[in-house]
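Working notes, beginning with the structure itself.
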Amino acid sequence: MSETAKRNAAEAALTLVEPGMVLGLGTGSTAAIFVRLLAEKVKAGLDIVGTPTSEATDRLAKELGIRIVDPNELTRIDLTIDGADEFDPQLRLIKGGGAALLREKIIADASTRMAVITDPSKEVAQLGRFPLPIEINPFAAELTRRQIDITAEMLGMTQATSSWRMATGESRLRTDGGHMILDLNCVAIPDANELAAALDVIPGVVEHGLFIGYADIVIIGEETGARTIERGDET
Ligand code: 5RP
């Protein structure tokens, strides 16, 4: 994704921000561009507060002078702006490429609106080309992994393979919450709703990166501007 496309998506998302809003601040490179642009507006007098979806975004926003509120203190989040790894024509998303999917989903779920900032490479007819990130409790993680592999096969994804996300070196990556990430390379997900429902009932799965029914608007940055798809417009 080019920096220009990311910036155009982030700039378009800024137009959704109104004074007095409580904003959920997403994670990833596109969300970081949005946070930087937002900080410029704050410096120029825009009155908003943000709540972050990761430690990285928390640090960035604070460094840039955005007022950050602990989500525990909030009763409402007006708008969350976040990136995505894939979106389909029904505005269903794969998220978690940056390992922040649990916090991202908690914040998106508590938000009145969610705007997703992306680029054309993330637009797919069918989800699943991007390996699905699944956040796993470390207890009996290999057992949970086997349950997930069996589930994928039972749902017809016979080509699916899973792998632990690694940190630098030999160790497995740990999320901000101390969990592990299993990347499930599905190749294609024939029924995303069915897969989400099946993962939801595996006890060792803390959360998965299928965001279904969360996105209200997807902003697709391009080289010369941005286009949007809103819930209700989708095919
Ligand atoms: C982090 C995410 C990101 O939003 C997603 O990976 C997109 O990131 P980028 O804007 O860098 O492509 O879900 O967990």
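Assorted remarks:
- Viscosity 1.306 mPa s, temperature 10 °C, Stokes-Einstein D of the stretch 132-206 from Kirkwood C-alpha radius, µm²/s: 126
- Pairwise FRET efficiency - Ile106 versus Arg36, Cβ, R0 = 35 Å, nearest 0.05: 0.90
- Between Gly26 and Ile81, the built amide H atoms are under 5 Å apart, and every one of these is 5 or more places off in sequence or on another chain.
- In the context of the full set of protein chains, residues of the chain present 46 Å² of accessible surface per residue (probe radius 1.4 Å, heavy atoms only).
- Working value for the chain: equivalent-ellipsoid semi-axes of 30, 20, 15 Å, each the square root of 5 times a Cα gyration tensor eigenvalue, largest first.
- Gaussian network model of the chain, Cα within-10 Å springs - most flexible of Leu79, Leu182, Leu173: Leu173
- Where Cα atoms sit under 14 Å apart: lysine pairs in the chain separated by 8 or more or lying on different chains: 4
- Solvent-accessible area of the chain (1.4 angstrom probe, protein heavy atoms only): carbon and sulfur portion equals 49 percent.
- The helix-only estimate of mean residue ellipticity at 222 nm for the chain, built from DSSP H runs of length n ≥ 4 each weighted as -39500 (n - 2.57), is -9000 deg cm²/dmol after division by the residue total.
- Convex hull volume per residue for the stretch 3-89, taking Cα atoms only, in Å³: 107
- Taking every full run of DSSP H in the chain, the ones that stretch at least 15 Å from end to end by Cα along their long axis and average -1.0 or higher on the Kyte-Doolittle scale are 3-14, 29-43, 141-154.
- A Förster distance of 41 Å, applied to the separation of the beta-carbon atoms of Phe139 and Gln159, puts the FRET efficiency at 0.90.
- One compactness figure for the stretch 155-196 is 1.42, namely its Cα radius of gyration divided by 2.2 N^0.38 Å.
- Between Met166 and Arg227, the contour length at 0.36 nm per residue exceeds the alpha carbon distance by 18.5 nm.
- Inter-probe distance in nm under a simple model that places probes 7 Å from Cα toward Cβ, at Thr75 and Ser2: 4.7
- Rg and Dmax [Cα atoms of the stretch 24-147; Å; Rg one decimal, Dmax integer]: 15.6, 52
- Residue among Met157, Thr175, Pro133 farthest towards the positive dipole end of the stretch 132-206, charges placed on Cβ: Thr175
- Full extension of the chain between Arg174 and Ala44 gives 43.1 nm of extra length, using 0.36 nm per residue less the Cα-Cα distance.
- Pairwise FRET efficiency - Glu123 versus Lys62, Cβ, R0 = 22 Å, nearest 0.05: 0.10
- Exposed-site-free run, longest, the chain (rule: GluC sites (Glu not before Pro); DSSP loop; at most 16 other C-beta within 10 Å): 1-169
- GNM flexibility winner over the chain from Arg113, Arg76, Arg129 (Cα, springs under 10 Å): Arg76
- Low-density loop cleavage sites - trypsin sites (Lys or Arg not before Pro) in the stretch 134-235, where at most 12 other Cβ are within 10 Å (DSSP): none
The values are calculated or read from the model by the stated rules, or taken from the named source; none is laboratory data. All of these numbers come straight from a predicted model, not from anything done at the bench. For neighbour counting, all protein chains shown are included, and Cβ atoms are generated from backbone atoms with ideal geometry for every residue, glycine included. For accessibility, only protein heavy atoms count, side chains too; no ligands or nucleic acids. Shrake-Rupley method; radii C 1.70, N 1.55, O 1.52, S 1.80 Å.
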